[in-house]
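See below for the structure under consideration.
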Amino acid sequence: MIYLKNIFDSIKKWLSPGMEVKRWIFLSSSGIIIFVFGFFLLIDARTAVTAELAIRDFLMSIFKVKISSFWIDIAICTAGIYLMLMSNKRLFQSIYSVIVPYESKKLVEVIYEKRKLDMGTKVVAIGGGTGLSTLLKGLKAYTNNITAVVTVSDDGGSSGRLRTDFGMLPPGDIRNCLVALSNDESTLSSLFQYRFESGSGLEGHSFGNLFLAALNNIAGDDFQKAVKMSGDILSIKGKVYPSTLENTVLCAEMNSGRIIEGESSIPKENGDIKRVYLKPEKCKPLPEVIHAIKEADLIILGPGSLYTSILPNLKVNGISEEIKNAKAFRIYVCNIMTQSGETSKFKASDHLKALYENSINGIADAVIINTEIPADNDGKYKEEGSVFVIPDTEEIKKLGAEVIEAPVLGETGKKIRHNPSLLAEVIMKAAATRKGHTAS
């Protein structure tokens, strides 16, 4: 009875006022009836002969021309088929316009692309900051099987304040990745990146951070659940995970022996970093992150701040080892510019050496290096002591990594970044030529 009631309720909804689809359902049903009737005429079914004669006599009285029964039967079948095809097309258009009202692509193209992306390469992208979100924007054009592993050691700005006020993990880098993987990136970006410029308690906060903070409270301080809820709301392509759910502090030991605590404090020291580590040092990774790494076809490290965005993820217990042992092809994306306070005067090989020294030697199979020299139009980078990363390819090869050189520079304005589309294209082409790769 319950099953029949559900069917009856569904029919009532389809036929309710304002549902344009009922018109096309009716016409489609009519087309089926007409076609079946025409088919019976063609096979000389006795039940249809009387009707056929009546139709033929009627047409002959109008057109004053003798008409063969065969052509009448063909005309009826054709009319039925046309009515079915036309009404079904309009039915799908009506449903599709409600589900995806702003989509300019045809339904068949959307379905094809979704199926193709669902079967795409399994990618794990590891990092934080704007570097990771830039990469994700490009990757989502190739696959839906993306897992973004994001650092949660930020202690500055809006994220730092929310971390102190609510005891939650910093949402800033997570927010950027969610927006980057969303279907409606341009609209959501302006909303989620909106930063309040005034208001007691609101000034300096971004809307996206407050959104995640609210979801965290709704989820009972379950940050992982809050991130998933946010991803569902934004209909993201892929998954976003914090590398750990433990409240960690990023620390740096300088070559001078001085210890700096706090991610935001490390670049301000302007010293030579010997190593970075987390407090507590044995923090646990998410099981979902470990599973994604084991199942991945491709693992990408960077781009992003080497010591404060990429390495904090690799310092979570077990993650570096899993990457090293993974069957996936592993790529490190080198930054375009050096970063003051972190990688000043670093060449490309220095980035890779630091990556190895702070994780595991040989954790990357290949390094992507930008070959296009950017223009520092406003002199900001020069003033900060940030320069173009020199691509010393031979030194990288000596470290046992393959070098992939390509012009992947984005539009240079106030910020010099990778071009999301160009970077993703280079990465996916490199991965496609190495199918069947196994970790050494």
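The values are calculated or read from the model by the stated rules, or taken from the named source; none is laboratory data. Computed from a predicted structure; not experimentally measured. Cβ coordinates were reconstructed from backbone atoms using ideal geometry, including for glycine residues, and neighbour counts include every protein chain displayed. For the accessible areas, the whole protein counts, side chains as well, though only heavy atoms, and no ligand, DNA or RNA atoms are used. Shrake-Rupley method; radii C 1.70, N 1.55, O 1.52, S 1.80 Å.
Hey, how many Å between the Cα centroid of the range 164-231 and the Cα centroid of the range 283-332?
24
Considering only Cα-Cα distances, which of the following residue pairs are longer than 30 Å: LYS114/LYS347; LYS237/LYS345; LYS114/LYS429; LYS268/LYS397; LYS274/LYS398?
From the list (LYS114/LYS347; LYS237/LYS345; LYS114/LYS429; LYS268/LYS397; LYS274/LYS398), the Cα-Cα distance tops 30 Å for LYS114/LYS347; LYS237/LYS345; LYS268/LYS397.
For the range 325-440, what is the accessible area per residue in Å², given a 1.4 Å probe and the full set of protein chains?
Counting only protein heavy atoms, the per-residue value for the range 325-440 is 49 Å².
With θ set to phi - 60° and the Karplus curve 6.51 cos²θ - 1.76 cosθ + 1.60, what are the ³J(HN,Hα) couplings of the range 192-207 in order, to the nearest whole Hz, using x for Gly and Pro?
6, 8, 4, 10, 5, 9, 7, x, 4, x, 9, 4, x, 7, 8, 4
Nearest 0.05, what FRET efficiency do GLU321 and ASP222 give at R0 = 25 Å with Cβ-Cβ as r?
Step by step, r from the Cβ atoms, then E = 0.40.
Would you please put 236-248, 294-306 in order of how densely packed they are, using the mean number of other Cβ atoms within 10 angstrom per residue and starting with the highest?
Highest to lowest by the protection proxy: 294-306, 236-248.
Mind giving me the FRET efficiency for THR164 and GLU253? R0 is 30 Å, r the Cβ-Cβ distance, nearest 0.05 is fine.
Plugging the Cβ-Cβ distance into 1/(1 + (r/R0)^6) gives 0.75.
I want to check the label-to-label distance for ARG195 and ASP118. Put each point 7 Å from Cα in the C-beta direction and report it in nm to one decimal.
Going by the 7 Å Cα→Cβ label model, 4.0 nm.
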